[in-house]
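Chemist: Have a look at the structure that comes next, please.
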Amino acid sequence: DSGVTQTPKHLITATGQRVTLRCSPRSGDLSVYWYQQSLDQGLQFLIQYYNGEERAKGNILERFSAQQFPDLHSELNLSSLELGDSALYFCASSGRLAGTQYFGPGTRLLVL
Amino acid sequence: GDSVTQMEGPVTLSEEAFLTINCTYTATGYPSLFWYVQYPGEGLQLLLKATKADDKGSNKGFEATYRKETTSFHLEKGSVQVSDSAVYFCALTIPGIQGAQKLVFGQGTRLTINP
């Protein structure tokens, strides 16, 4: 158990819908990262937050957004969902700005 | 850009066999290198890491040495067990401006160990 929690574990929704994925980092970690794992793209970095501020951005679609709240939990919002958004979404956290990242169990999203 | 290349899988071995999973990288700076493991139905677990050239990371009988001259970080284990069956990911990070950081992953290597 890494100490990073993600909810929900599974999510099934329809095209065009909007969903919110939630992540709680390890106790004391200020940095949160989001990754997408899909069969065709592999593991891709989406976005990083540090203490509430965005610090790095990867190939995150404009339909996707994220934020980190004062209690340090983070949410990833996915809107206007398409079939191709079906994937595993992982959250990771680190204790330092550029520290080792520890991953949560992931949220499996299925868009029908 | 920065990238990681792993040996193609899947890899199937018998229990107690010697394991090598090759990993090479391309990076513009001085990366830290990692191996993560993903067991069936689970998230990614950090297996080992190395932060500078010639460092050796080790954990649970697995080892990998950061070779700057060959830009490699091959994963090895002397005697694999059925419980080692999983997908293994090689990855790198290069810290950026103001702590910006991302992990760049290889495509993953699926390992199956038969009893």
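The values are calculated or read from the model by the stated rules, or taken from the named source; none is laboratory data. Quick caveat: nothing in here was measured; it's all calculated off a predicted structure. When we count neighbours, we look across all protein chains shown, and the Cβ atoms used for this are built from the backbone with ideal geometry, even at glycine. In case anyone asks, the SASA skips ligands and DNA or RNA and just uses the protein heavy atoms, side chains included. Shrake-Rupley method; radii C 1.70, N 1.55, O 1.52, S 1.80 Å.
Chemist: Which whole-number percent of Cα pairs in chain B have a distance greater than 23 Å?
Modeler: In whole percent, the long-distance tail amounts to 25.
Chemist: What's the carbon and sulfur percent of the range A:6-91's accessible surface, probe 1.4 angstrom, rounded to a whole number?
Modeler: 46
Chemist: Within a Cβ distance under 14 Å of B:Gly43, other residues only, what is the Lys/Arg minus Asp/Glu net charge?
Modeler: +1
Chemist: Please name which of B:Ser14, B:Tyr30, B:Gly57 has its Cα lying farthest along the dipole of chain B towards the positive end, using unit charges on Cβ (Lys, Arg +1; Asp, Glu -1) and the Cα centre as origin.
Modeler: With unit charges placed on the Cβ atoms, the residue in question is B:Tyr30.
Chemist: Give me the net charge of B:Phe18's neighbourhood, meaning all other residues with Cβ under 10 Å from the Cβ of B:Phe18; Lys, Arg count +1, Asp, Glu -1.
Modeler: With Lys, Arg at +1 and Asp, Glu at -1, the net is -1.
Chemist: Past 30 Å, Cα to Cα: identify those pairs from A:Lys57/B:Lys60; A:Lys9/B:Lys102; A:Lys9/B:Lys56; A:Lys9/B:Lys77, in the order given.
Modeler: Exceeds cut-off: A:Lys57/B:Lys60; A:Lys9/B:Lys56; A:Lys9/B:Lys77.
Chemist: Provide the FRET efficiency to the nearest 0.05 for the A:Ile12-B:Thr5 pair, computing r from the beta carbons and using R0 = 41 Å.
Modeler: Here the calculated transfer efficiency is 0.75.
Chemist: Using the per-residue mean of other Cβ atoms lying within 10 Å as a proxy for protection, in what order, highest first, do the peptides B:98-111, B:66-79 fall?
Modeler: Order by mean packing, descending: B:98-111, B:66-79.
Chemist: Could you do me a favour and compute the accessible area per residue for the range B:8-87, 1.4 Å probe, result in Å²?
Modeler: About 51 Å² of surface per residue is accessible.
Chemist: With just the Cα atoms defining each centre, how far is the range B:1-65 from the range A:5-40? Give it in Å.
Modeler: With the range B:1-65 and the range A:5-40 each reduced to a Cα centre, they are spaced 25 Å.
Chemist: Still on this structure: Using a simple charge model, +1 on the beta-carbon of Lys and Arg, -1 on the beta-carbon of Asp and Glu, nothing else, what dipole does the protein assembly as shown show about its Cα centre, in debye to the nearest 20?
Modeler: 280
Chemist: What size of dipole, in debye to the nearest 20, comes out for the range A:60-112 about its Cα centre when the only charges are +1 on Lys and Arg C-beta atoms and -1 on Asp and Glu C-beta atoms?
Modeler: 180
Chemist: Limiting things to C-alpha atoms, what are the Rg and the maximum Cα-Cα separation (Dmax) for the protein assembly as shown, in angstroms?
Modeler: Using the Cα atoms of the protein assembly as shown, the pair Rg, Dmax is 17.5, 50 Å.
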